[in-house]
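The values are calculated or read from the model by the stated rules, or taken from the named source; none is laboratory data. Note that this is a predicted model, so its numbers are computed, not measured. Don't worry about glycine lacking a Cβ; one is built from the backbone with ideal geometry, like all the others, and counts go over all protein chains shown. Quick note on the areas: whole protein, heavy atoms, side chains included, nothing else; ligands and nucleic acids left out. Shrake-Rupley method; radii C 1.70, N 1.55, O 1.52, S 1.80 Å.
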Amino acid sequence: MEGDSRRYQRQREAMVKNQIETRGVSDPGTLAAMRRVPRHLFVNEALMDQAYNDHPLPIGEQQTISQPYIVAMMTEALQLNQDDRVLEIGTGSGYQAAVLAEIAYRVYTIERNRTLYESARKMFEGLGYYNIIARYSDGTIGWREESPFDAIMVTAGAPEIPKPLVDQLAIGGRMVIPVGSSLSQKMIKVVKEDQGLHQSELGGCRFVRLVGQYGWRDA
């Protein structure tokens, strides 16, 4: 892969071993995806040498690329298989969508910031992620025409779980979403069953706000 030197490959291997496996992520598909996706290409050139460090990084437009462990933890929580159709809310740099696309059949990703949306689309095309379909829209209303989804990932903090996303989740589908205040959230996993929703907490986290009709209102 162009721009993916052996040095970056070694850094990626160390990232998976030292930051992700040691914290309990063990799903083979998730670990393999984290080893393959060139995270350094999804950040500004000036930050490439920090791409595999154990922290988030700014990507412009007041947004961030999540800490590698958080990406892996959320991916594992979705329990993906190769036939799944996944909806991601908040494309950002495109890195998380690329990780999902390494595992799932198809990834639908929505971004409300046009600059990030256009940049991510170019990245997907350049890296050959043809199973990612990107849309410029309000992610909190989901993507009804392509629903139901086997899994939904929300990469921004919501005041509550948006109802349209619940409605667009298939029976047996899984969702991971940070829910809480604008300053801190809890990572919630939702499983949609015939009898209703089953929710569990995966730990504390801090994400940028999920802005939209069913999220935080833009200031």
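So who's got an amide H within less than 5 Å of the one on residue 134, skipping anything under 5 residues away but keeping other chains? H placed 1.01 Å off N, in plane.
109
How many Lys pairs in the chain lie less than 29 angstrom apart by Cα atoms, where the lysines are 8 or more positions apart or on different chains?
Within the chain, the lysine pair count is 5.
Looking at the stretch 1-123, what % of its DSSP beta bridges pair antiparallel, to the nearest 5?
Just about 40 percent of them are antiparallel.
Which far-off residues, 5 or more places away or on another chain, put their amide H under 5 Å from the one on residue 112, with H placed in the peptide plane?
91, 137, 139
Let's see if you can work this out: charge +1 on each Lys and Arg Cβ, -1 on each Asp and Glu Cβ, no other charges. What is the dipole magnitude of the chain about its Cα centre, in debye to the nearest 20?
For the chain, the charge dipole is close to 360 debye.
Could you derive backbone 3J(HN,Hα) for the stretch 57-63 from the dihedral phi with the Karplus parameters 6.51, -1.76 and 1.60 (θ = phi - 60°), listing whole Hz in sequence and x where the residue is Gly or Pro?
9, x, 10, x, 6, 6, 10
Among 216, 143, what's the order by accessible area (1.4 angstrom probe), most exposed first?
Largest to smallest exposure gives the sequence 216, 143.
I want the antiparallel fraction of DSSP beta bridges within the chain, as a percent rounded to 5. All intermediate terms of the calculation are to be shown ahead of the outcome.
Working: 19 of 40 bridges.
Antiparallel bridges: around 50 percent, rounded to the nearest 5.
Between residue 143 and residues 5 or more places away or on another chain, which pairs have amide H atoms under 5 Å apart, with H built 1.01 Å from N, and which residues are they?
none
Can you tell me which of 59-66, 48-55 comes out highest on packing, and rank the rest after it, using the mean Cβ neighbours within 10 Å? All intermediate terms of the calculation are to be shown ahead of the outcome.
On the way: 59-66: 17.9, 48-55: 15.0.
Descending packing order for the listed peptides: 59-66, 48-55.
Using the Kirkwood radius built from alpha carbon pairs, what does the Stokes-Einstein equation give as D for the stretch 38-97 at 25 °C and 0.890 mPa s, in µm² per second?
197
Could you derive backbone 3J(HN,Hα) for the stretch 45-54 from the dihedral phi with the Karplus parameters 6.51, -1.76 and 1.60 (θ = phi - 60°), listing whole Hz in sequence and x where the residue is Gly or Pro?
Working through the residues one at a time gives 3, 5, 10, 4, 6, 9, 4, 9, 6, 8 Hz.
Could you tell me the relative contact order of the chain? Use alpha-carbon pairs under 8 Å, at least six residues apart, and round to a whole percent.
Result for the chain is 14 percent.
Could you run the Karplus curve 6.51 cos²θ - 1.76 cosθ + 1.60 with θ = phi - 60° over the stretch 187-195 and give me ³J(HN,Hα) per residue in whole Hz, x for Gly and Pro?
My calculation for the stretch 187-195 gives 7, 10, 9, 10, 10, 8, 10, 4, 7 Hz in order.
Answer with one residue from 139, 166, 149: the one whose Cα lies farthest towards the positive end of the charge dipole of the chain, charges on Cβ with Lys, Arg +1 and Asp, Glu -1.
With unit charges placed on the Cβ atoms, the residue in question is 139.
Could you sort the peptides 126-135, 82-91 by per-residue average Cβ neighbour count (10 Å cutoff), highest mean leading? Please report the intermediate quantities before stating the final value.
Working: 126-135: 16.7, 82-91: 21.9.
Descending packing order for the listed peptides: 82-91, 126-135.
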